[in-house]
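Report on the structure given below.
The values are calculated or read from the model by the stated rules, or taken from the named source; none is laboratory data. Bear in mind that the values here come from a model prediction, so they are computed numbers and not experimental data. Neighbour counts run over all protein chains shown; Cβ positions are idealised from the backbone, glycine included.
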There are 2 protein chains.
Amino acid sequence: MAAEHTVKAFEQELRRLSNLISQMGGVAEAQVEAAVQAVARRDVDLAGRVLQADSQLDEYERQIEQEAVRMLALRQPMGVDLREVLAALKISADLERTGDYAANSAKRSIALAQLPAVRPASAIPRMGRLVQEMLKDVLDAYVDRDVEKAVAAWHRDEELDDLYTSLFREVLTYMMEDPRNITPCTHLLFIAKNLERAGDHATNIAETVHFLVVGQPLTGARPKGDKSSFAVVAPEPAADLPAGP
Amino acid sequence: MAAEHTVKAFEQELRRLSNLISQMGGVAEAQVEAAVQAVARRDVDLAGRVLQADSQLDEYERQIEQEAVRMLALRQPMGVDLREVLAALKISADLERTGDYAANSAKRSIALAQLPAVRPASAIPRMGRLVQEMLKDVLDAYVDRDVEKAVAAWHRDEELDDLYTSLFREVLTYMMEDPRNITPCTHLLFIAKNLERAGDHATNIAETVHFLVVGQPLTGARPKGDKSSFAVVAPEPAADLPAGP
């Protein structure tokens, strides 16, 4: 009877932990969306709201960590129960970092709004949408313990890396065209990098869901994508240089 | 007798876990140092070795995670013992990320070596040294359970953020001076950002050491430094524009 009571209490605690993750995931999704909107619409007020809301995610992480450590200490879970608690710890850390990337993008959107508009900014919403979809999918996969959905989201990170790499090259050419584009384009590059990193955290969550459900790490080489790190882009030959034979 | 044996075995396991962290920390430090050297000396071979060695850190993380989860399941530790195991999990994740930043910087140094040398590259070793010092200090603090040392390292992150912010502004002016600087300078910006992020992970480790020893989170607002996200840098008025009255 007492044991049964303990099991029930533990199940309730696990459910509460799982709900906290879902709520936190919702906030992280909303932050990414708002940050991307702030960039696209040059909306400084919205950016300010994103910066203010970031502490919510820190608070969620603290709460989940506290709860998880308490459960480990008091309930001493094993097997899938232990994996549940560890998964909550990991996912909350990934969501908190995702929020940091959204907040940094919002910060940069405030600088961008004071600078001339540049065309490649339009690629940011595309990257943002993809990140949001990945985030939504891995969170749904977490709620439904759906490994296939998690793995599908994991594979989409390649698409995101490709978007990032082509944006990177495009942005460099804009910078070369006109020095007034350099500062806004630099902020755009970092915003794009933030989104690419947020995508990495979504894939981390997919890996955690896989481990939670299957009890084994997700293996198989996903081609790691950021090809931009190797990029060598040269400007058009300057007018004052001989064009060659 | 059996209980005493269990306690002793657990203590041995904790010591092994702690040693693994120290070893992993040594590899992470070496990776940061080598990556910075590869940038400074345009040493493509060294960069290649950094990229190859990165999998060691992944392997350490996997091993530490496996060991920690096994200890949580079998030993069901409480109090400071539980914090020991959780700290190992967290620190290994931070070291693994630090290694990722070193590897990405090494990748970029390969691109840089194919491009004209740019002056602000000299600020990178300064940032690199600071990151290494912070990393060394927090790892020493971990080994010695030295909270004061951890907090001192934590505070140095501000210095790193200041170095990063001034490098950021300097690099933008170089880009504006000559479009041929744009690609190398962009890689430099990301390398500097990588080092700034590695510093953030060192501060995470400091916080973990604090929690491990004191049992309470490290509070007190450390002014979060990346002021470059707000930077608005304008080029000199272009020669083809009227200079104004």
Being among the hydrophobic types (A, V, I, L, M, F, W, C) and either in contact with a Lys or Arg (Cβ under 6 Å, 6 or more places away or on another chain) or closer than 25 Å to A:E196 by Cα (or both) narrows it down to one residue among A:M24, A:M78, A:M71; which is it? A:M24
From the list B:A68, B:A88, which residue is touching a helix residue (DSSP H, G or I) at 6+ places or on another chain (Cβ under 6 Å), in contact (Cβ under 8 Å) with a residue 60 or more places away in the chain and surrounded by 20 or more Cβ atoms within 10 Å (Cβ to Cβ)? B:A88
Go through region B:135-156 and give me each residue that's buried (at least 24 other Cβ atoms within 10 Å of the Cβ) and not hydrophobic (A, V, I, L, M, F, W, C). B:Y142
Are any residues in region B:177-188 more than 10 Å from B:R108 (Cα to Cα) and either crowded, with 23+ Cβ neighbours inside 10 Å or more than 9 Å from chain A (Cβ to nearest Cβ) (or both), and if so, which ones? B:N181, B:I182, B:T183, B:C185
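Within region A:48-56, does at least one residue satisfy the condition of being more than 19 Å from the chain's Cα centre (by Cα) and of a type outside the set (F, W, Y)? Let's see the steps before the verdict.
Here is the first cut: in region A:48-56, the residues more than 19 Å from the chain's Cα centre (by Cα) are A:48.
Right, trim to of a type outside the set (F, W, Y) and you get A:48.
Within region A:48-56, one or more residues are more than 19 Å from the chain's Cα centre (by Cα) and of a type outside the set (F, W, Y).
Looking at A:A117, A:A87, A:A121, A:A102, which one is more than 10 Å from every other protein chain (Cβ to nearest Cβ) and not in a helix (DSSP H, G or I)?
On the way: A:A87 fails: not in a helix (DSSP H, G or I); A:A121 fails: not in a helix (DSSP H, G or I); A:A102 fails: not in a helix (DSSP H, G or I).
Answer to the check: A:A117.
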Scanning region A:155-176 for residues that are more than 12 Å from every other protein chain (Cβ to nearest Cβ) and of a type in the set (D, E, K, R) gives A:R156, A:D157, A:E158, A:E159, A:D161, A:D162, A:E170
Please indicate, with yes or no, whether at least one residue in region A:107-116 is on the phi > 0 side of the Ramachandran plot and of a type outside the set (K, R). no
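Among the listed residues A:V27, A:V36, A:V44, which satisfies the condition of being over 19 Å from the mean Cα position of the chain (by Cα), β-branched (V, I, T) and more than 10 Å from chain B (Cβ to nearest Cβ)?
Just a single option satisfies the conditions, and that option is A:V44.
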One residue is enough: does region B:197-211 have a residue meeting the conditions modelled with pLDDT under 95, more than 12 Å from chain A (Cβ to nearest Cβ), in contact with a Lys or Arg (Cβ under 9 Å, 6 or more places away or on another chain) and under 27 Å from A:T165 (Cβ atoms)? no
Of all residues in region B:125-152, which are farther than 26 Å from B:N104 by Cβ, without any contact (Cβ under 8 Å) to a residue 40 or more places away in the chain and basic (K, R)? B:K149
Identify the residue in region B:1-55 that is without any contact (Cβ under 8 Å) to a residue 60 or more places away in the chain and among the basic types (K, R) and, among all such residues, is farthest from B:L86 (Cα to Cα). B:R41
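What about A:A243, is it touching a helix residue (DSSP H, G or I) at 6+ places or on another chain (Cβ under 9 Å), more than 12 Å from every other protein chain (Cβ to nearest Cβ) and either at negative phi or modelled with pLDDT of 90 or more (or both)? I'd like the intermediate steps shown before the answer.
On the way: touching a helix residue (DSSP H, G or I) at 6+ places or on another chain (Cβ under 9 Å): no; more than 12 Å from every other protein chain (Cβ to nearest Cβ): yes; either at negative phi or modelled with pLDDT of 90 or more (or both): yes.
Here the answer is no, as A:A243 does not meet what is asked.
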A:E158 is checked against (1) in contact with a Pro (Cβ under 9 Å, 6 or more places away or on another chain); (2) without any contact (Cβ under 8 Å) to a residue 60 or more places away in the chain; (3) of a type in the set (D, E) and fails just one. What number does that condition carry? (2)
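This table checks each residue for (1) under 30 Å from B:N181 (Cα atoms); (2) crowded, with 18+ Cβ neighbours inside 10 Å.
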{"site": "B:R49", "(1), (2)": "yes, no"}
{"site": "B:Q76", "(1), (2)": "no, no"}
{"site": "B:G128", "(1), (2)": "yes, yes"}
{"site": "B:E159", "(1), (2)": "yes, no"}
